[in-house]
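Comments concern the structure below.
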Amino acid sequence: MTLADPLLGPVVHSMASSIGGFERRRIYLDWNATTPLRAEALAAMKPYFCESYGNPSSAHALGSRARAAVEEARDTVAEVLGVKRSEVVFTSGGTESNHLALLGTALALNPGVILSTPIEHSSVLRAVDWLVERGWQVHKVQLLPDGRVDLDRLARGLDATVRLVSIGWANNEIGTLQPVAEIFALCQARGIFFHTDAVQVPGKAPFRKVPAHLLSLSGHKFGGPKGVGCLIVREEVAIRPLFRGGAQERGLRAGTENVPGIVGFASALRLAVASAEGFSARVRPLRDRLWQRLREIPGVQRHGASGEHVLPNTLMVTVDDVTADALIAALDLEGICVSAGSACAAGAAEPSHVLLALGIPLERARGAVRFSLGQDVDEAEIDFVAERFAQVVQRIRTVEHPSPRRLLA
Ligand SMILES: Cc1ncc(COP(=O)(O)O)c(C=O)c1O
């Protein structure tokens with residue numbers, strides 16, 4: 001489906017797949033893994049592949065045109081996020097932004113304590129490991145059962161040894177939103193740098209201010225292209241580059257700029273932030289409808305926060321006596337795309353580190369499935385997904401655990 005809404009769509013969205021020789025529509029409920037490119041972003045990018053293909057550092061007309069496009073994109077990002085243009089650093093995506101935020105500040109500071117959570121994206125967890133190998137100590141904040149940070153406990157942990165705090169704004173698996181404005185205020189009052197991975201936020205939750213000293217974004221999570229992102233670095237932050245080479249991005253990120261990517265990123269970000277309210281109003285009732293249907297299946301549990309404390313499009317469930325791999329493969333055959341948690345963990349058959357950190361037993365965590373809705377899904381499709389999900393669960397349970405009780409059920 002292509003929506004005509006100027007902010008929500010249209011997206012470039014072809015979901016037909018050929019199975020056994022016939023075409024069928026795919027229902028894509030994996031929006032937190034990646035999103036289709038917005039038509040406006042594609043249109044904005046096109047001239048910078050084959051016409052205005054200059055290197056922004058070149059001194060001739062084609063170079064100037066590319067430089068102007070990058071700087072215009074920087075202006076857009078700064079205006080949308082309410083920061084200075086000098087605070088926008090374009091990168092290759094969320095993973096690089098998280099590494100630049102944590103490793104780059106660590107290079108400029110004396111080792112101390114970094115405070116984070118056990119449910120961060122793997123790109124933050126691994127960057128924190130790197131810090132630990134270089135003499136930092138990591139303190140992981142204990143979380144509430146729904147994955148939220150307990151602010152009182154966090155405040156008590158922010159002593160004089162803490163130099164850096166990294167807490168993701170929205171969790172990509174369970175959708176839990178953290179009270180980042182409050183965390184930022186606590187850190188500011190103590191002179192501690194606060195980084196937040198906001199990769200899952202634009203287009204899904206309100207984004208009016210940058211509530212952090214350092215904030216990571218990735219284009220492909222909100223209708224922009226893959227392989228481009230940005231790190232917001234407030235001017236008071238001490239930070240060093242990770243790569244040495246050219247002087248691009250104020251010397252913080254050497255390497256020829258991805259001009260079409262940066263242009264598409266800025267175009268998509270503007271639309272995503274402007275359409276977040278409409279997106280939420282559309283997908284929240286559909287997500288809740290899906291849960292109302294799934295909760296009727298015995299042994300299905302929901303995880304993460306609820307109400308205003310969770311992304312409006314995200315539903316993480318576990319299904320007892322079923323492995324996520326089997327469930328996802330069976331749903332795929334029905335034309336339904338979902339994920340077992342983070343896309344990076346999918347395929348590795350690893351149970352979600354997020355659920356394990358929240359105290360969910362290993363056996364239950366093995367049956368975790370994440371639905372993340374996009375703006376193109378409708379009620380009929382949600383009902384179809386719920387119906388097929390129930391059938392698939394029953395089929396797998398019968399095959400995997402053919403107890404006489406189940407066979408009779
Ligand atoms: C919360 C979060 N942070 C970081 C990333 C990594 O972003 P990228 O794919 O742009 O490297 C992802 C992508 O899955 C994510 O969901």
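Structure data summary
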quantity	calculated
Helix 61-81 vs. the chain, principal-axis angle (Cα, 0 to 90°, nearest 10)	60 degrees
For the chain, built as a Gaussian network whose Cα springs stay under 10 Å, the top-fluctuating residue of THR323, THR314, THR256	THR256
Antiparallel bridges, percent of DSSP beta bridges restricted to the chain (to nearest 5)	60 percent
FRET efficiency, 1/(1 + (r/R0)^6) with R0 35 Å, evaluated for VAL138 and ARG208 via beta carbons	0.65
Crossing angle, helix 324-333 versus the chain [Cα axis fit, 0-90 degrees, rounded to tens]	80 degrees
Kirkwood Rh in Å, taken over the chain so that all alpha-carbon pairs contribute	22.3 Å
Antiparallel content of DSSP bridges confined to the range 41-271, in %, to 5	45 percent
Cross-link reach list, lysines versus LYS226, counting only Cα pairs under 30 Å and skipping chain neighbours closer than eight places	LYS46, LYS84, LYS204, LYS209
Cα pair distances of the range 41-271 binned at 5 Å [whole percent]	1, 7, 15, 19, 19, 15, 11, 7, 4, 2, 1, 0
Within the range 86-167, trypsin sites (Lys or Arg not before Pro) in DSSP loop having at most 14 other beta-carbon neighbours inside 10 Å	ARG134
0 to 90° range, to nearest 10: angle between helix 180-190 axis and the chain longest Cα axis	40 degrees
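Every number here is computed from the coordinates shown, using simple stated rules; none is lab data. Source: prediction; values computed, not measured. Don't worry about glycine lacking a Cβ; one is built from the backbone with ideal geometry, like all the others, and counts go over all protein chains shown.
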